[in-house]
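**Q** The following block contains the structure, expressed as structure tokens.
The values are calculated or read from the model by the stated rules, or taken from the named source; none is laboratory data. Quantities reported herein were computed from a predicted structural model and do not represent experimental measurements. Backbone-built Cβ (ideal geometry, glycine too); neighbour counts: all protein chains shown. Heads up: the accessible areas ignore ligands, DNA and RNA and are worked out on the full protein's heavy atoms, side chains in. Shrake-Rupley method; radii C 1.70, N 1.55, O 1.52, S 1.80 Å.
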Amino acid sequence: MKQNTEAWRALDAAHHLHPFSDTKGLNAQGARVITRAEGIYLWDSEGNQIIDGMAGLWCVNIGYGRKDLAEVAKRQMEELAYYNTFFKTTNPQVAELSKLLAEVAPEGFEHVFYTNSGSESVDTMIRMVRHYWSSVGKPEKKVLIGRWNGYHGSTIGGASMGGMTYMHEQGDLPIPGIVHVEQPWYYKHGKDMTPEEFGLAAARWIEDKILEVGADKVAAFVGEPIQGAGGVIIPPATYWPEVERICRKYDILMVCDEVICGFGRTGQWFGHELYGVKPDLFTTAKGLSSGYLPIGAVFVGERVAQGLIEHGGDFNHGFTYSGHPVCCAVARANVTALRDEGIVARVREETGPYMQAKWRETFGQFDHVDDVRGVGLIQAFTLVKDKQKRELFDNWGTMGLACRDIFFRENLIMRACGDHIVAAPPLVISKREIDEMLGRAARCVEEFERVVV
Ligand code: PLP
């Protein structure tokens, strides 16, 4: 295997440009070659067993190695490997999946539009929202409001909708018609308020932006229920209900990006259910197939669906693989298993609360760790210079990367989002595996405090 590792690394360095990577730096180091996976564990080409505390990229909700999903894919490939859904055709798998998704979604989401990824779901949502307003006679409602440090993908639309300035800097983003407001990050922005007061104040930044742009020009507000890639920013309980009230007041569509929070990550089927709100649309991908095949879906509430169906005519948008029969078959098997094996319910009732208690107990004790937080199986803490003063380290992100590299070396995948350290393991993780993961993580943070700080 050792020999293979070197050969694969050389091929990779010679021919493969990696996403979100500095290719020169990576090539000098050599990428780790992941060869197999089972449950919550990965193995690399050197035989190391790694705990995947990130479920890949927050997506392998059902865990690795499900032979039943592989069987479903094989059977479907043999029967109907592909056909499109554009020109007066459908297929049994897309029809059955759509019914299942309407069942697991909150009431009032009877329609879905299929994509291949989260970014495409976000792009689809942008086009759909604008087309909706044109169709119901308000074509001037075009502006979408996102948030700084939100993440909505890498396409031109998704990266514009997101509020990652380091992405905007490459390629003159955002595109016109997308504006941003500050994120609801209590630890940084809410110092002289209670969390409840801060939640209301942060929601009102959206109202300020609506008034600045003009309500008659604003099409939608878009936000992740819990910001994932921004560092697991969990808004106070007052935030989303106030956002909903504001959107209703000014007749603006409320869109939740559920690409990470969807399909059980928070212990609810969809993250917005935590906050008791009802978006007009929500975007999904990742957990829809647990990453076994690429598929995303935009869930469309009745108001928008009826507007589009009754008044929209042709929606000139779609992907060759929208409603791909093999992806739909696998997504259906995955969602059925998440439901019928009680995986989402277990996150809500058992493993989620267990993880949250252990997470707080494990990391609350460190001198340079603060804002220890989480819900279900998504959690984070922030590396800080001074806990008493709530002071962050200089050079935001440097400490996070140093800490993450220790985890990586110790065969644990957890991610650094700036100086936020985040984890989102497969939803099938057991209590014993949670203990193992946090035990290893704690030893790494000890080393970080001893060696790096
Ligand atoms: N939206 C959110 C909230 C995400 O977290 C992501 C990816 O992490 C995306 C959209 C983009 O998804 P994809 O990478 O599948 O295009």
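**Q** Could you pull the Cα extents of segment 395-453 along its three principal axes, largest to smallest, in whole Å?
**A** 36, 21, 14
**Q** Still on this structure, I have one more. Measure out, as a whole number of angstrom, how far apart the alpha-carbon centroids of segment 260-289 and segment 79-124 sit.
**A** 16 Å
**Q** Turning to a different aspect of this structure: If R₀ is 45 angstrom, what is the calculated FRET efficiency for the pair LYS249 and TYR82, using the beta carbon separation as r and rounding to 0.05? Show your work: numbers first, answer last.
**A** Numbers: r = 46 Å, r/R0 = 1.02.
Efficiency for this residue pair is about 0.45.
**Q** For segment 12-106, what is the largest minus smallest coordinate of the Cα atoms on each principal axis, given in angstrom and ordered from greatest to least?
**A** So the three principal-axis extents are 51, 32, 30 Å.
**Q** Residue separation times 0.36 nm, minus the C-alpha to C-alpha distance between GLU391 and LYS217: what's the value? Before the final figure, lay out the partial values.
**A** Details: separation 174, 0.36 × 174 = 62.64 nm, distance 3.92 nm.
Contour length minus Cα-Cα distance gives 58.7 nm.
**Q** Less than 11 Å Cβ to Cβ from GLY271, Lys/Arg counted +1 and Asp/Glu -1: what total charge do the surrounding residues give? Please list the in-between numbers first.
**A** Numbers: positive: ARG265; negative: GLU224, ASP257, GLU258, GLU273.
Summing Lys and Arg as +1 and Asp and Glu as -1 gives -3.
**Q** If each residue of separation counts as 0.36 nm, what is the full-extension length gain between ARG440 and ASN411 once their alpha-carbon separation is subtracted?
**A** Computed gain between ARG440 and ASN411 is 9.6 nm.
**Q** Suppose each label sits 7 Å from its Cα in the direction of the beta carbon; what would the LYS191-ARG32 distance come out to in nanometres?
**A** Modelled inter-label distance: 3.7 nm.
**Q** How much of the accessible area of segment 268-418, in percent, comes from carbon and sulfur atoms when a 1.4 Å probe is used?
**A** Details: 2870 of 6020 Å².
Answer for segment 268-418: carbon and sulfur cover 48 percent of the accessible area.
**Q** Applying the Karplus parametrisation 6.51 cos²θ - 1.76 cosθ + 1.60 with θ = phi - 60° to the phi angles of segment 219-230, what ³J(HN,Hα) value in whole Hz is obtained for each residue in order, glycine and proline being reported as x?
**A** 8, 7, 9, 10, x, 6, x, 10, 5, x, 5, x
**Q** Sorting check: for 120-127, 270-277, which peptide has the highest mean count of neighbouring beta carbons within 10 Å, and how do the rest follow?
**A** Details: 120-127: 26.2, 270-277: 21.0.
Taking the mean over residues of other Cβ atoms within 10 Å, the ranking is 120-127, 270-277.
**Q** Kirkwood Rh, the chain, all Cα pairs: how many Å? Provide the component values of the computation, followed by the final result.
**A** On the way: mean 1/r = 0.0439 Å⁻¹.
Answer for the chain: a Kirkwood hydrodynamic radius of 22.8 Å.
**Q** Using only C-alpha atoms and all pairs of different ones, pull out the Kirkwood radius for segment 81-206 in Å with one decimal.
**A** Details: mean 1/r = 0.0575 Å⁻¹.
Result for segment 81-206, one decimal place: 17.4 Å.
**Q** Follow-up. Taking the Cα centre of segment 252-366 as origin and charging only Cβ (+1 Lys, Arg; -1 Asp, Glu), how large is the dipole, in debye to the nearest 20? Please list the in-between numbers first.
**A** Numbers: 10 positive and 12 negative charges, 68 e Å.
So the dipole magnitude of segment 252-366 works out to roughly 320 debye.
**Q** How much accessible area per residue does the chain have, in Å², with a 1.4 Å probe? Please list the in-between numbers first.
**A** Values: 19410 Å² over 453 residues.
About 43 Å² of surface per residue is accessible.
**Q** Taking all protein chains in place and a 1.4 Å probe, what share, in percent, of the accessible surface of segment 1-132 do carbon and sulfur account for?
**A** Working: 4100 of 7350 Å².
Carbon with sulfur: 56 percent of the solvent-accessible area.
**Q** Filter the trypsin sites (Lys or Arg not before Pro) in segment 38-92 down to the DSSP loop ones having no more than 12 other Cβ atoms within 10 Å, then list what survives. Show your work: numbers first, answer last.
**A** Details: sites: ARG66, LYS67, LYS74, ARG75, LYS88; in loops: ARG66, LYS88.
Answer by residue number: LYS88.
**Q** To continue, here is another question. For ALA14 and LYS99, compute 0.36 nm times the residue count separating them, minus their Cα-Cα distance, and round to one decimal in nm.
**A** Numbers: separation 85, 0.36 × 85 = 30.60 nm, distance 4.56 nm.
Going from the current span to full extension adds 26.0 nm.
**Q** Over segment 173-253, what portion of Cα pair distances is larger than 16 Å, expressed as a whole percent? Kindly include the intermediate steps, with their values, before the conclusion.
**A** Working: 1667 of 3240 pairs.
Value for segment 173-253 (Cα pairs over 16 Å): 51 percent.
**Q** Still on this model: Around THR35, what is the net charge, scoring Lys/Arg as +1 and Asp/Glu as -1 over all other residues with Cβ under 12 Å from its Cβ? Each step should come with its number before you reach the end.
**A** Numbers: positive: ARG32, ARG36; negative: GLU38, ASP44, GLU46.
Its environment carries a net charge of -1.
**Q** Another question, then. Run through the DSSP bridge list for the chain and note the antiparallel percent, rounded to the nearest 5.
**A** On the way: 32 of 48 bridges.
Just about 65 percent of them are antiparallel.
**Q** Sticking with this one: Be a star and scan segment 244-285 for residues whose amide nitrogen sits under 19 Å from the point 7 Å along the Cα-to-Cβ vector of GLU341.
**A** 262-270
**Q** Please identify every one of the chymotrypsin sites (Phe, Trp or Tyr not before Pro) in segment 324-406 that sits in a loop by DSSP and has no more than 14 other beta carbons within 10 Å of its own beta carbon. Intermediate values should be presented prior to the final figure.
**A** On the way: sites: TYR354, TRP359, PHE363, PHE366, PHE381, PHE393, TRP396; in loops: PHE366, PHE393, TRP396.
Taking segment 324-406 and a limit of 14 other Cβ atoms within 10 Å, the loop chymotrypsin sites (Phe, Trp or Tyr not before Pro) found are TRP396.
**Q** Within a Cβ distance under 11 Å of THR336, other residues only, what is the Lys/Arg minus Asp/Glu net charge? Present the calculation step by step, with values, prior to reporting the outcome.
**A** Details: positive: ARG332, ARG339; negative: ASP68, GLU96, GLU103, ASP340, GLU341.
Summing Lys and Arg as +1 and Asp and Glu as -1 gives -3.
**Q** If packing is taken as the average count of other Cβ atoms within 10 Å, what order do 183-195, 136-148 fall into, highest mean first? Before the final figure, lay out each step's value.
**A** Working: 183-195: 16.4, 136-148: 18.6.
Listed from highest to lowest mean packing, they are 136-148, 183-195.
**Q** Now for a separate question. Once amide H atoms are built 1.01 Å from N in the peptide plane, which residues 5 or more positions from GLY230, or in another chain, come under 5 Å H to H?
**A** Amide H neighbours of GLY230, under 5 Å, 5+ apart: TYR151.
**Q** Which trypsin sites (Lys or Arg not before Pro) from segment 367-453 combine a DSSP loop assignment with at most 15 other Cβ atoms within 10 Å? Mind dumping the intermediate values first?
**A** Details: sites: ARG373, LYS385, LYS387, LYS389, ARG390, ARG404, ARG409, ARG415, LYS431, ARG432, ARG440, ARG443, ARG450; in loops: LYS387, LYS389, ARG390.
Counting only loop positions with at most 15 other Cβ atoms within 10 Å, the trypsin sites (Lys or Arg not before Pro) in segment 367-453 are LYS387, LYS389, ARG390.
**Q** Order 23-35, 243-255 from most to least packed using the mean count of other Cβ atoms within 10 Å. Each step should come with its number before you reach the end.
**A** Values: 23-35: 12.9, 243-255: 19.6.
Final packing ranking: 243-255, 23-35.
**Q** In whole Å, what three semi-axes, largest first, describe the equivalent ellipsoid of segment 1-59 built from its Cα gyration tensor (square root of 5 times each eigenvalue)?
**A** Numbers: eigenvalues 90, 51, 13 Å².
Ellipsoid semi-axes (Å, largest first): 21, 16, 8.
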